[in-house]
């Protein structure tokens, strides 16, 4: 996944907009007993529905090869952890390069300040 950082940012937007991002940040509640209070059943059902929807968004937004590799995962957060381990190091090295470029950036004599600021903003966006 060559652009993992942008992909994850866009995925987060969709999950937040549809109120499913919580499944990536909270543990799955324990399966309730048949005689459990209705509130526990609702919480469990909401989490499971959110997990299924998050998995659908994640799988639908990746390549066929990655879909095949991650289709058997039960939880959305497991998919995200695996993707982070696969592609997260690339984003760290890209971020380090962007920080280094920003720190070493100097304005060249005769260059409009606008161009210099836009270049620095590009580095900040990469970070």
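The values are calculated or read from the model by the stated rules, or taken from the named source; none is laboratory data. The structure displayed is predicted, hence computed values, not measured ones. Here Cβ is always computed from backbone atoms with ideal geometry, including for glycine, and neighbour counts include all displayed protein chains.
Selection over segment 100-127 of residues that are in a helix (DSSP H, G or I) and more than 33 Å from the chain's Cα centre (by Cα) gives a count of 1.
For segment 1-24, which positions are part of a helix (DSSP H, G or I) and either surrounded by fewer than 10 Cβ atoms within 10 Å (Cβ to Cβ) or in contact with a strand residue (DSSP E or B) (Cβ under 7 Å, 6 or more places away or on another chain) (or both)? Reasoning before the result, please.
Taking segment 1-24 and keeping what is part of a helix (DSSP H, G or I), we get 4-17, 22-24.
The answer is 17, and nothing else.
Within the bounds of segment 25-42, is there any residue that is closer than 22 Å to residue 85 by Cα, touching a helix residue (DSSP H, G or I) at 6+ places or on another chain (Cβ under 6 Å) and in a helix (DSSP H, G or I)? Checking segment 25-42: not a single residue is closer than 22 Å to residue 85 by Cα, touching a helix residue (DSSP H, G or I) at 6+ places or on another chain (Cβ under 6 Å) and in a helix (DSSP H, G or I).
Would you be able to say whether some residue in segment 74-96 is in a loop (DSSP other than H, G, I, E, B), more than 14 Å from the chain's Cα centre (by Cα), on the phi < 0 side of the Ramachandran plot and exposed (fewer than 13 other Cβ atoms within 10 Å of the Cβ)? Steps first, answer last, please.
So in segment 74-96, the residues in a loop (DSSP other than H, G, I, E, B) come out as 74-75.
Keeping just the survivors that are more than 14 Å from the chain's Cα centre (by Cα) gives 74-75.
Add one more test, that the residue is on the phi < 0 side of the Ramachandran plot, and what stays is 74-75.
Right, trim to exposed (fewer than 13 other Cβ atoms within 10 Å of the Cβ) and you get 74.
Checked segment 74-96: at least one residue is in a loop (DSSP other than H, G, I, E, B), more than 14 Å from the chain's Cα centre (by Cα), on the phi < 0 side of the Ramachandran plot and exposed (fewer than 13 other Cβ atoms within 10 Å of the Cβ).
Could you tell me whether any residue of segment 57-65 is over 29 Å from residue 122 (Cα atoms) and surrounded by 13 or more Cβ atoms within 10 Å (Cβ to Cβ)? Checked against the condition, which is being over 29 Å from residue 122 (Cα atoms) and surrounded by 13 or more Cβ atoms within 10 Å (Cβ to Cβ), segment 57-65 yields at least one hit. Can you confirm whether segment 104-126 contains a residue that is surrounded by 14 or more Cβ atoms within 10 Å (Cβ to Cβ) and either at pLDDT 90 or above or within 30 Å of residue 27 (Cβ to Cβ) (or both)? Checked segment 104-126: no residue is surrounded by 14 or more Cβ atoms within 10 Å (Cβ to Cβ) and either at pLDDT 90 or above or within 30 Å of residue 27 (Cβ to Cβ) (or both).
So, of the residues in segment 43-73 that are assigned to a loop (DSSP other than H, G, I, E, B) and in contact (Cβ under 8 Å) with a residue 24 or more places away in the chain, which turns out to be farthest from residue 18 (Cα to Cα)?
63
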